[in-house]
Ligand code: SF4
């Protein structure tokens, strides 16, 4: 498995304290991406003014399980993020299987756009899946030229809504992508469809406000950030979206 980072987080990447592995490689090219070093599956060099680092190294499934066992007295589980973790599906499933055998709680953060998504979604104890936009042209321009992936994302989210009890949809709220009312209404309608597929369960939604925290990474990679001069939507935009979703019994919160 190729990762670009690992570490610990609290109550953001799954329940409680998590040991998290960030898998390198993504099939999307979101122009607001907060982890530009995650996109290429190859190792990359980041040149900061004060230091140079290389990101991207191999870790075996055995090492992941060993680290998780060693940390089990102070973590609540292990999370796989990215990049897109399901692009390394065989190793991911093996890691999830071994962690389950070891009775260690697992979570995954995915863009829901791959054929492997469903197997992993069924194997984890807790799932975050992204919903970015439902507008084909915006998807093409800002997420991926392969617009067929939008339908796959929608189908995968429907599948997750039906089959994964611990499921949270994450929506990055980004200027010009989905901060206008018509775009949010489309997302709202789709979330209602997902809710209808969960008669026994709530639908949790997290709205994540666009940010500029990754600017130093873009510079260190020698890349232009397409959103560098674009102001994130005001926080009130997300708060009002939360209010509208909650009126329809969608359990929404916002961050950022
Ligand atoms: S799916 Fe996530 S990791 Fe991949 S390009 Fe988009 S924001 Fe970045």
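Any read-out appearing in this document is the output of simple, stated calculations on the displayed coordinates, not a laboratory observation. The model shown is predicted, which means the values in this text are computed figures rather than measured ones. Quick reminder, even Gly has a Cβ in these numbers, built from the backbone with ideal geometry, and neighbours come from all protein chains shown.
Quick notes on this structure:
- Computed over the chain: relative contact order in percent, which uses C-alpha pairs under 8 Å that are six or more apart: 18 percent
- Segment residue 98-residue 215, length gained on full extension (0.36 nm per residue, minus Cα span): 38.4 nm
- In the chain, helices alone account for a calculated mean residue ellipticity at 222 nm of -10500 deg cm²/dmol, with every DSSP H run of four or more residues adding -39,500 (n - 2.57).
- Cβ-based exposure ranking for 101, 50, in which fewest neighbours within 10 Å come first: 50, 101
- By other beta-carbon atoms within 10 Å, ranking 190, 4, 80, 28 with the fewest at the front produces 190, 28, 4, 80.
- Note on the chain: GNM, Cα springs under 10 Å; of 229, 179, 155, the largest mean-square fluctuation is that of 229.
- For the chain, modelled as a GNM whose springs connect Cα atoms under 10 angstrom apart, the maximal fluctuation among 104, 75, 53 occurs at 53.
- Note on the chain: with a GNM built from Cα contacts shorter than 10 Å, the maximum mean-square fluctuation among 156, 111, 11 falls on 11.
- Each residue, residue 230 and residue 204, gets one label point 7 Å from its Cα in the Cβ direction; the gap between the two is 2.8 nm.
- The spacing between the range 28-59 and the range 65-127, judged by their C-alpha centroids, is 21 Å.
- The calculated FRET efficiency for the pair residue 58 and residue 89, based on their C-beta separation and a Förster distance of 25 Å, comes to about 0.90.
- A straight line joining the Cα centroids of the range 163-178 and the range 180-232 runs 6 Å.
- Amide N of the range 167-189 lying under 12 Å from the label point, which is placed 7 angstrom from the Cα of residue 141 along Cα→Cβ: 176-178
- Take every DSSP beta bridge whose two residues both sit in the chain; close to 30 percent of them are antiparallel.
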